[in-house]
1. Based on this model, can you work out whether residue A:93 counts as more than 7 Å from chain C (Cβ to nearest Cβ), farther than 18 Å from residue C:382 by Cα, in contact with a strand residue (DSSP E or B) (Cβ under 9 Å, 6 or more places away or on another chain) and part of a loop (DSSP other than H, G, I, E, B)?
2. In the set B:56, B:50, which member is farther than 22 Å from residue B:184 by Cβ, facing chain A (nearest Cβ under 7 Å) and either assigned to a loop (DSSP other than H, G, I, E, B) or under 26 Å from the mean Cα position of the chain (by Cα) (or both)?
3. Looking at C:75, C:105, which one is buried (at least 24 other Cβ atoms within 10 Å of the Cβ), away from chain A (no Cβ under 14 Å) and closer than 24 Å to residue C:316 by Cβ?
4. Sort through C:262, C:312, C:282, C:336 and tell me the only one that's part of a helix (DSSP H, G or I), crowded, with 16+ Cβ neighbours inside 10 Å and facing chain B (nearest Cβ under 10 Å).
5. Go through C:97, C:89, C:39 for me and flag whichever is in contact with a helix residue (DSSP H, G or I) (Cβ under 7 Å, 6 or more places away or on another chain) and more than 16 Å from residue C:165 (Cα to Cα).
6. For segment C:361-375, which residues satisfy the criterion of being farther than 14 Å from residue C:309 by Cα and in contact with a helix residue (DSSP H, G or I) (Cβ under 7 Å, 6 or more places away or on another chain)?
7. Give the residues of segment B:22-50 that are touching a helix residue (DSSP H, G or I) at 6+ places or on another chain (Cβ under 7 Å) and over 20 Å from residue A:85 (Cα atoms), sorted by residue number.
């Protein structure tokens, strides 16, 4: 299956990646090749095969409801790009965006 | 053709755990920004989620409370989208296999009838942080303290046909989660939130396109927002337009809803099973264990109250709306041995009014169950009249002492001595010869006048039944 | 010949050398030799000397563990508190980790010395170490060649003896393939055996950390420190950890070796095949029996992997948004601009490509055809291994179809690069433990023999590898000039 430039633009937006026209052309070609390659999977008959998300055939382990973490805001925000009054700053979010 | 409204609700209840759903950070409300966001909540590189077992127990509790099937093997999935209050770029939620399956709740309507609302599912997920839109040099501030707080999202079927029904359902769930002690129900702090899916159709037609209403964080707003939206949709269709499938934000100050996202920008959430979390298995043993600890639920209590105390559906419904209120009522009835109806009237009347006025919860009532019980006993044994009891209630509210003490101190004991009452009546008859004559001539309305005079003369302390009887007798004499 | 970790441990405990002296020797070698190799992103000299002093004090007090005072290099994918953890990406070039990965904590607890953080393919996505923001790593056996990837820096550093041991991570072969191409030993443990907490995620259901060293014995010593249950990783398995050194010398008489016929077919270079066949003969001499087995879905493992891994990565890498840490673009005009430019500036082309593929595979309308189908194939692959292990104890074959290739040779052809992982990828999909050990040379470039075990049989694998290394000396060869 081959992808169109419009597909690539849509994917790039979903993944929040910026792309020039040249990038889009390049990725359209590369992604089409890769998607074509992975479509080899269709050769396999997977009727009645359970999909598996994990190689471990185990159930999830749970933790006790205990507060174990302390305030480390200063350390965490020391490496933040932009903070003020303990808040992380981002360009204005228009409500409902 | 007549229009029909179709409403389904998605309720988000924050679960009352100590720590977050996937981390050991505290869930306490109101801390300094980002001081309760640990590395896991902030989505630092390399961190991993570990599920809080209490959140699982609470979800199961809810499931049992709505008679739902508990999914033995449920799965956590990632809902992928970018937003500054969502640190990892995905929300850990449940998609195809939620922990709570189909259930239902019977909701009491205004006319006392019960309406069944079906619950599609309820699933566990993590809450997002908060965007603070105050101006930081044209920027938005992000506080991630709330990120990772456990949420139970409760999704109903589109079973409701009016804003009133939707509110009644919302109240029923609100009451249930507090009974189960899994959510504090605080709508102001956002620990109990609701989105409404609203559509309209002409009766008999198939479902119309729905709009999702957000930001409706009080019972009143839910009703108003839905009513506004219904009118908007009907006007739109009647004007030849089409309803768009979109998310709309309710603005309580303008009382209107407005579009948030348009259809073409509809998000593609790319759900897939979270590879960091294996399937969640709930054993039969755990379910049995939780079932055993389940309290009496609101609908069970309501039925019992109606039967055991002979209450009306309306009274029972009000009393069971909170577990604490119901408990207060039962304690008062048991301690006073008073008529349940009398206790109901006092609790739903004087007490509720006073609590409302001072904005207090029943658990913080200045009048204890023992005090109210004693007060009701004194009414029933004729020590005081109902009217005087209201004065005493006020004194109790103001912490002026115990019931009998106040009666004694203020001399509020009811006059029941026939001789004394007769003397009182004789004097009134003597003082008002014209009115007596008119009454005896057939103007029976004047009876109230004589009662009023007698009460006034005795400072309200005369036993009303005795007074009535004696007064009738005396006036009929001659 | 350079000393192994086991030998260095003896020297330290016998006070023949101090940890500070040993650490200085390695720091000097790094200074002198790594200009050519580029195997380190960060050399943590100060921390190393401090760690060494602490270790010497413990050794003096007689409170030392077997690895106390041994210097190690850590793949730059493991978070190290207070030092840069870049994951080979511009995105995290400014990221000073505020916490330690569990693996790092375990190494600290054992009293080891942190020499530095090794180079790697960006976010572990690559098979040649060419996708690193910090430039390619050179193969010490021939500096025109790639060391393999993604843990290429760790493998090259150990091969060149810039560290006696190092950590790596393996999502589709990222420990075994560079171990093979650099002529050293490397182990990918069973999924869940080593904690992933603090190990920056690429594809969470496949990623597993493991050790690199010259010998299987050294790997066993490192596994004793690395393996174990971690309450911070809910996929970590609460399963007893054996002493991996205790069974190294067990007999392998009667060992049933399965040779998957798909691992010896088309695509395998004939010279590499010869080396592997010779190694198998050696095992026969040691008393093992050889059985042909089949893993019929092997070829499907690559397409399935290149759906599952990108899908998980597209989600795992969404957290790099320029808000809380990492690269942020200059003067974003709005939120979307902040996201898009920060991410596009921070990620290299292979990472971008995989995020795009993964996003596509998960998007509405394609999920069933790609992601779900890949998960079903994962089911088939797991079944292949379950069937194979019904009759044999271990599977063996080549780790890679060819020896190290030239830097730049495959950079413009992603699919041919993907195909070089044909023998390693299925093992990650099935979650099994596997290792690569040196088995010989072709044109002066090392060839790796792959050993694949059943779930949680690391101790047995190390025993089987150790037996080979007791009988052969391929693991003792060192590249000229190092």
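1. It is false that residue A:93 is more than 7 Å from chain C (Cβ to nearest Cβ), farther than 18 Å from residue C:382 by Cα, in contact with a strand residue (DSSP E or B) (Cβ under 9 Å, 6 or more places away or on another chain) and part of a loop (DSSP other than H, G, I, E, B).
2. When all the criteria are applied, what remains is B:50.
3. Among C:75, C:105, only C:75 is buried (at least 24 other Cβ atoms within 10 Å of the Cβ), away from chain A (no Cβ under 14 Å) and closer than 24 Å to residue C:316 by Cβ.
4. C:312
5. Answer to the selection: C:89.
6. C:363, C:366
7. Residues satisfying the conditions are B:43, B:45.
Rundown of residues vs (1) more than 15 Å from residue A:56 (Cβ to Cβ); (2) in a loop (DSSP other than H, G, I, E, B); (3) touching a helix residue (DSSP H, G or I) at 6+ places or on another chain (Cβ under 9 Å), yes/no style:
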residue: C:196; (1), (2), (3): no, yes, yes
residue: C:205; (1), (2), (3): no, yes, yes
residue: C:210; (1), (2), (3): yes, no, yes
residue: C:219; (1), (2), (3): yes, no, yes
residue: C:230; (1), (2), (3): no, yes, yes
residue: C:233; (1), (2), (3): no, yes, yes
residue: C:241; (1), (2), (3): yes, yes, yes
residue: C:251; (1), (2), (3): yes, yes, yes
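The values are calculated or read from the model by the stated rules, or taken from the named source; none is laboratory data. The structure displayed is predicted, hence computed values, not measured ones. We place every Cβ from the backbone using ideal geometry, glycine too, and count neighbours over all the protein chains shown.
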